[in-house]
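Enquirer: Provided herewith is a single structure, encoded as structure tokens, for subsequent inquiry.
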Amino acid sequence: MDDVMYLMNSLWTMVAAILVIFMIAGFILLEAGSLRMKNAGHVAGKTIFTFGLASLVFWAVGYGFIFGENANIFVGMSNFFYDGTLTSGDSLAATVFFVFQLAFAGISITIALGGFAERAKFSAYVMFTILFGIFVYPVIAHWIWGGGWLAEHGKQDFAGSTVVHLTGAMAALAATIVLKPRIGKFNSDGSANKFAGHNQVYSALAVLILFVGWLGFNAGSTVSVDGAFFGYVALNTVLAASAGAVAATIISWVVLGKSDIPTILNGLLAGLVAITASCAFVDVWASVVIGLIAGVITFFAARFLEAKQIDDPIFAVSVHGIPGIWGTLSTGFFATGALAESTGVGRAGLFYGGGFEQLWVQFMGVAVCSIYAFVVSYVILVVMKKAMGGIRVSEEEEIMGLDISEHGGYGYPEHLGAEPSTIMSAGKQQSTNAKQQPKHI
């Protein structure tokens, strides 16, 4: 019987890992669809590359920093260059657990790199992926999932609202600040110009792919088929996502006078991000409330960031960051004693007789992890900027688009098929014209 359970747990977790890795396809379509056509090929290529690079970094040091022994206050200090023979207990294959955790690390850096969109050099993606995978993600993952000090306090983050989403979002925020807004995004009076994504169908398909992949993300984090608890986690996940989409639709309709498509999509994603921490700790009705609030939060967060002239092209902060904070805090309100006991993490929330203790742990974890991810990412980017002679492309290259300037060809050559020399000349002329107009760069 133990052998059967071992194989079933391993099979289920492997399927979940595949679903999480397939989310990269969703991020490719989401980012490409949300940006302008001249950057679509760049988005697709750099996302595949950075996931591969992040996987190698995770294999070399990330896994050891998170789950290694002989830990200090920041990370573990063993199990580097994982050789496939280490064990993680008797419940499932260690190799499967490794692949599952690798997928999460890859998703977090993908979120972080959203803050680079349409203006960063390809070399900046390379360096930041490596450094984020060494100094940022593994530290926070160790604190919460690897037996670190937040785990000892009982911080509840079942599948990564903080570890994956908030960490990535804070790095994206640092990138948007260091890189500064895209050319022409803001006017001299502070008002914003809308840079519409080139393909809303891509964006909608992306959200559907991410929705399906998220079932591996959340339900797969059970890493077990025992009691079919993964079904309960999946139920909470679906309901929160649905509630987020509905809430975002309604709030956009009320405020804007029409139902805004990007807001609908962001609302569903925000519901998913928020329930990621609490999916194993809360009652079903609470998952709906968590999703509804997330859908409203993401709408106003995006508008607030734009008012502060923070150019977040794919809404990394307003979708993954602010809802990630809310989702992590939500267990401090809604966690039930029975579910906390069954998962073995933390205690009941405020609304279930647990007082403020769990809420304080959640708040402390959010505050410390947000500050750490932002500050370390900001320092990394500033050092990179100085060491690399800049991490942003030139004005001419930004105007031409990163497809042609960074890779020598367009993702849509039949639509943007001018000769490279002609494109270069046009880009230089547009750059000259742009310098004569007020803008924020």
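The values are calculated or read from the model by the stated rules, or taken from the named source; none is laboratory data. As the structure is a prediction and not an experimental result, all values here were calculated from the model. Here the Cβ is made from the backbone with ideal geometry for all residues, glycine too, and neighbour counts use every protein chain on show. The area values use the complete protein model at the heavy-atom level, side chains included, leaving out ligands, DNA and RNA. Shrake-Rupley method; radii C 1.70, N 1.55, O 1.52, S 1.80 Å.
Enquirer: Mind ordering 192-200, 97-105 by average Cβ neighbours within 10 Å, highest first?
Expert: Put in order of decreasing packing, that is 97-105, 192-200.
Enquirer: Just want to confirm a number: the relative contact order over the range 192-298, from Cα pairs under 8 angstrom separated by 6+ residues, in percent.
Expert: Over the range 192-298, the number comes to 30 percent.
Enquirer: Over the range 54-130, what relative contact order in percent results from Cα pairs under 8 Å that are six or more residues apart?
Expert: 28
Enquirer: Taking amide H atoms as placed 1.01 Å from N in the peptide plane, list the residues 5 or more away in sequence, or in a different chain, whose amide H sits under 5 Å from that of PHE186.
Expert: Amide H neighbours of PHE186, under 5 Å, 5+ apart: ASN193, HIS440.
Enquirer: Hey, another quick one. If I take the Cα coordinates of the range 298-422 and project them onto the principal axes, what are the three extents in Å, biggest first?
Expert: 69, 36, 31
Enquirer: Got a sec to turn the phi values of the range 46-55 into Karplus ³J(HN,Hα) couplings, 6.51 cos²θ - 1.76 cosθ + 1.60 with θ = phi - 60°, whole Hz, x for Gly and Pro?
Expert: Using θ = phi - 60°, the values come out as 5, 5, 4, 4, 5, 5, x, 5, 4, 5 Hz.
Enquirer: Give the share of C-alpha pairs in each 5 angstrom bin for the range 162-253, from 0 to the last occupied bin, in whole percents, shortest bins first.
Expert: Here the calculated profile for the range 162-253 is 3, 10, 11, 15, 19, 17, 11, 7, 4, 2, 1, 0.
Enquirer: If you line up the Cα atoms of the range 12-118 on their principal axes, what length do they span on each, largest first, in Å?
Expert: That gives 48, 32, 20 Å along the principal axes, largest extent first.
Enquirer: If you don't mind, there's one more thing I want to ask. Mind pulling up the Rg/Rh value for the range 52-98? Radius of gyration and Kirkwood radius, both on Cα.
Expert: 0.98
Enquirer: If you don't mind, another one. Mind checking the per residue accessible area of the chain for me, 1.4 Å probe, whole number of Å²?
Expert: Accessible area per residue, the chain: 39 Å².
Enquirer: When the Cα atoms of the chain are enclosed in a convex hull and the volume is divided per residue, what value in Å³ results?
Expert: With only Cα atoms used, the chain gives 137 Å³ per residue.
Enquirer: Remind me, relative contact order of the chain in percent, using alpha carbon pairs under 8 angstrom and six or more residues apart?
Expert: Contact order relative to length: 22 percent.
Enquirer: List the aspartates and glutamates whose Cα sits under 15 Å from the Cα of LYS38, skipping any in the same chain fewer than 8 residues away.
Expert: GLU118, GLU395, GLU396, GLU397, GLU398, ASP403, GLU406, GLU414, GLU419
Enquirer: At 20 °C and a viscosity of 1.002 mPa s, what translational diffusion coefficient does Stokes-Einstein give for the range 200-249, taking Rh as the Kirkwood radius over Cα pairs? Give it in µm²/s as a whole number.
Expert: Translational D for this selection: 182 µm²/s.
Enquirer: Roughly how many whole Å is it from the C-alpha centroid of the range 266-302 to that of the range 171-249?
Expert: Computed from Cα coordinates, the inter-centre distance equals 11 Å.
Enquirer: Say the cut-off is 29 Å between C-alpha atoms; which of LYS308/LYS385; LYS258/LYS308; LYS121/LYS194; LYS155/LYS185; LYS121/LYS185; LYS46/LYS155 go over it?
Expert: LYS155/LYS185; LYS46/LYS155
Enquirer: Once the piece of chain linking VAL255 and TRP285 is laid out straight, how much longer is it, given 0.36 nm per residue of separation minus the C-alpha distance between them?
Expert: Net length gain for the segment: 8.1 nm.
Enquirer: Another question, then. For the chain, what does the helix formula give at 222 nm: sum of -39500 (n - 2.57) over DSSP H segments with n ≥ 4, over the residue count, nearest 500 deg cm²/dmol?
Expert: Result for the chain, helices only: -21000 deg cm²/dmol.
Enquirer: From the gyration tensor of the Cα coordinates in the range 95-204, what semi-axes in whole Å does the equivalent ellipsoid have, largest first, with each one equal to sqrt(5λ)?
Expert: 31, 16, 15
Enquirer: Evaluate the range 219-272: find the radius of gyration of its Cα atoms, find its Kirkwood radius, and give the ratio Rg to Rh.
Expert: Working: Rg = 14.7 Å, Rh = 12.1 Å.
Computed over Cα atoms, the ratio is 1.22.
Enquirer: Same structure, new question: Which of the peptides 44-51, 60-67 is most tightly packed, and how do the rest follow, judged by the mean count of other Cβ atoms within 10 Å per residue?
Expert: The most tightly packed comes first, giving 60-67, 44-51.
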